[in-house]
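What follows is a set of notes on a single structure, which appears directly below.
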Amino acid sequence: MTWQSPIAPGISWYQATLEERPAYPRLEESTSADVAIVGGGFTGLQAAYHLAANGTDVVLIDAARLGDGASGRNGGQLGTGQHWWPEDMESKLGPERSKAFFRIAEDAKSHLLDFAKTHGINIDFQPGQISVAHKRNMEFSFKNHVEALAERYDYPHLSFLSKHETEERLGSNRYFCGIRDIGTGHIHPLKLLIGTGKAAATAGARIFEMTKADNIEQKEGRIAVSTERGTVTADRVLIACNGYIEEHLEPGTAAKVMPIRSFIAATRPVTKSEKILPGGESVDDSRFVVRYFRKTKTGELLFGGREAYTADQPKDISKHLRRQIAEIYPALKKIEITHAWGGNVGITMPRRPLVHEIMPGVTSIGGFSGHGVLLSNYCGKLFAEELLGQSSELDLYRDLDIPAFPGGGALRKPLLFLALTWFSLRDRF
């Protein structure tokens, strides 16, 4: 029977191409642990693995199945750096902090690929990513970005693409220039997620699916995470719900992390004669309401975007994405779409990750703002290393100023509609 996520619409191509997807039990009775983790995405599972592998007793609970959230349903692009380009971060945080954040993102990239190799996880890695400009006046900033990373960040893997070169690489004349990055790539995120879950369970972490956290409170010197059928009592708690954080569970995080619905469609395999992405790179464009696409190893085009004017869960996801595909690839306007799905991307106001303590012993991590494949995995590892006394790197994120959205959690949805509508209009002009 095909599994339909209770927290996100549509059946993903990722799920349809799995050979197996292990199921984990519900929590049926109260238990205790050294560390309790709420959320079974990349952050929670990486933390669970590294803690359990070092002898810590860990219980992880997830409200749905592992991979039902953004970690198992995203675009699969690794990217380079943080959300903001380093030269832009320099003006906001200073050159030294900007370089520290770039270094941590490169460490995150190496960690992800090394983790998959060490644990025998076939993540379908393909090298290369292209960032493209949807406006003509972006050429200077694209060229400057290539130079800045080579000269100040010791990252020689970028090359500027002229309009003609961009057309050749994409098989589309829709964009004005681009940047090719051969130091990164794209993956099958659900394979990585499932492999990380297996590694955590093998290391000794106790994982429970379909177990929703209802409340978190301090009780008799420890922290109690209550669920429908039992309570997990622990010395430390990690909340790793990202774009699925609920206000009743943790209002402080909900006020600072806004969920944006993003949608992806998978087409039938494109042929070589169609000359689409002949180099196999993934693509992201410069729109605020970003469009991102790539070919899988078997040739399917995965195309992601967000339509600001649709309902939160449109009845026909593929209709809106087909229109966007046709804007970039007119010849594909009638191509067969085999799968269409959506999910939440967690963003913060400054588009930087949120790491904060909501009460003594309870840490919340999220708001990766479109860079979650790399950063969520690594932040989970850093959380574990912090508890084990092995690293203090997580303080880089903890020291960031992440303000609440105006109106807090209660106004997230109306603000989301207004913001996406406004930026969608800006993207057009």
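Nothing in this text is a laboratory measurement; each read-out follows from the coordinates by a stated rule. Owing to the predicted nature of the structure, the values given are computational and were not obtained by experimental measurement. Note: ideal-geometry Cβ built from the backbone for every residue, glycine included; neighbour counts use all protein chains shown.
Could you name the lysines in cross-link range of K198, using Cα to Cα under 25 Å and dropping any fewer than eight places away on the same chain?
K109, K117, K212, K297, K381
Quick one: Cα centre-to-centre distance for the stretch 357-399 and the stretch 148-190, in angstrom?
29 Å
In what order do R268, R136 fall by count of nearby beta-carbon atoms within 10 Å, going from fewest to most?
Ranking R268, R136 by Cβ neighbours within 10 Å, fewest first, gives R136, R268.
Which residue, A203, A266, A150, tops the fluctuation ranking in a GNM of the chain built on C-alpha contacts under 10 Å?
Top of the fluctuation ranking is A150.
Which is farthest toward the positive dipole end of the stretch 265-375 among A265, P353, P330, measuring Cα position about the Cα centre, with Cβ charges +1 (Lys, Arg) and -1 (Asp, Glu)?
It is P330.
Just the Kirkwood number for the stretch 341-412, please: inverse of mean 1/r across all distinct Cα pairs, in Å, one decimal.
13.2 Å
Along each of its three principal axes, how wide is the spread of alpha-carbon positions in the stretch 163-306, in whole angstrom units, largest first?
Largest to smallest, the principal-axis extents are 66, 35, 28 Å.
Specify the residue with the greatest mean-square fluctuation among S226, S131, S262, computed from a Gaussian network of the chain linking alpha-carbon atoms under 10 Å apart.
Fluctuation is largest for S226.
List Y155, Y397 from most exposed to least, where exposure is judged by having the fewest other Cβ atoms within 10 Å.
Y155, Y397
What residues have an amide H closer than 5 Å to that of E393, excluding those fewer than 5 places away on the same chain, when H is modeled at 1.01 Å from N in the peptide plane?
Amide H neighbours of E393, under 5 Å, 5+ apart: none.
Enumerate the amide H contacts of C241 below 5 Å, restricted to partners 5 or more residues apart or on another chain; note that Pro and chain-start residues carry no placed amide H.
Hits under the 5 Å cutoff: I365.
Which semi-axis lengths, in whole Å and largest first, follow from the square roots of five times the eigenvalues of the Cα gyration tensor of the stretch 240-352?
30, 15, 12
Where is the GNM fluctuation largest for the chain (alpha-carbon springs, 10 angstrom cutoff): W13, W84, W341?
Answer for the Gaussian network model of the chain: W84.
If you rank F263, F368 by fewest surrounding Cβ atoms within 10 Å, what's the result?
The most exposed by this proxy come first: F263, F368.
Place a label point 7 angstrom from the Cα of E147 along the Cα-to-Cβ direction, then list the residues of the stretch 74-113 whose backbone nitrogen is under 15 Å away.
87-88
Near N215, within a Cβ-to-Cβ distance under 13 Å, what is the net charge of the other residues, with Lys and Arg +1 and Asp and Glu -1?
Taking every other residue near N215 into account, the sum is -4.
Looking at the chain, what % of its DSSP beta bridges pair antiparallel, to the nearest 5?
Taking every DSSP beta bridge within the chain, about 70 percent pair in antiparallel fashion.
Do me a favour and compute the ellipsoid semi-axes for the stretch 91-219 from its Cα gyration tensor, root of five times each eigenvalue, largest one first, whole Å.
Its equivalent ellipsoid spans semi-axes of 36, 20, 16 Å.
Where nothing but the Cβ of Lys and Arg (+1) and of Asp and Glu (-1) is charged, how large is the charge dipole of the stretch 92-148 around its Cα centre, in debye to the nearest 20?
280 debye
From the square roots a ≥ b ≥ c of the eigenvalues of the alpha-carbon gyration tensor of the stretch 46-112, which class results: rounded (a/c under 1.5), prolate (a/b over b/c), or oblate?
Prolate is the answer for the stretch 46-112, as a/c is 1.5 or above and a/b outweighs b/c.
Quick check on the chain: helices-only [θ] at 222 nm, where DSSP H runs of length 4 and up contribute -39,500 (n - 2.57) each and the sum goes over total residues. Nearest 500, please.
Taken over the chain, the calculation gives -10000 deg cm²/dmol.
What list of ³J(HN,Hα) couplings, whole Hz, do you get for the stretch 75-85 from phi and the Karplus terms 6.51, -1.76, 1.60, once you set θ to phi - 60° and write x for glycine and proline?
Coupling constants for the stretch 75-85: x, x, 8, 7, x, 9, x, 9, 4, 7, 4 Hz.
Is the C-alpha gyration tensor of the stretch 120-194 telling us rounded, prolate or oblate? Criteria: a/c under 1.5 is rounded; beyond that, a/b larger than b/c is prolate, otherwise oblate.
Here the stretch 120-194 falls in the oblate category.
Just name one of A108, G120, F160: the one whose Cα is farthest towards the positive end of the charge dipole of the stretch 102-194 (beta-carbon charges, Lys/Arg +1, Asp/Glu -1).
Comparing the listed Cα positions along the dipole, F160 ranks first.
Compare the Cα positions of V290, T231, G221 along the charge dipole of the stretch 221-355 (+1 at Cβ of Lys, Arg; -1 at Cβ of Asp, Glu; about the Cα centre) and return the one farthest towards the positive end.
Farthest towards the positive end: V290.
Dipole of the chain, Cα-centred, from +1 at each Lys and Arg C-beta and -1 at each Asp and Glu C-beta, to the nearest 20 debye?
Using only the charged Cβ atoms, the result is roughly 1700 debye.
When the convex hull of the Cα atoms of the chain is projected onto a plane and the area is averaged over all directions, what value comes out in nm²?
If I average the Cα hull's projected area over directions, I get 19.6 nm².
Can you give me the long-range amide H partners of T227? Hydrogens built in the peptide plane at 1.01 Å from N, cutoff under 5 Å, separation of 5 or more residues or another chain.
For T227, the qualifying residues are D214, V232.
For the stretch 240-283, what is the Kirkwood hydrodynamic radius in Å, using each pair of distinct C-alpha atoms?
Result for the stretch 240-283, one decimal place: 14.1 Å.
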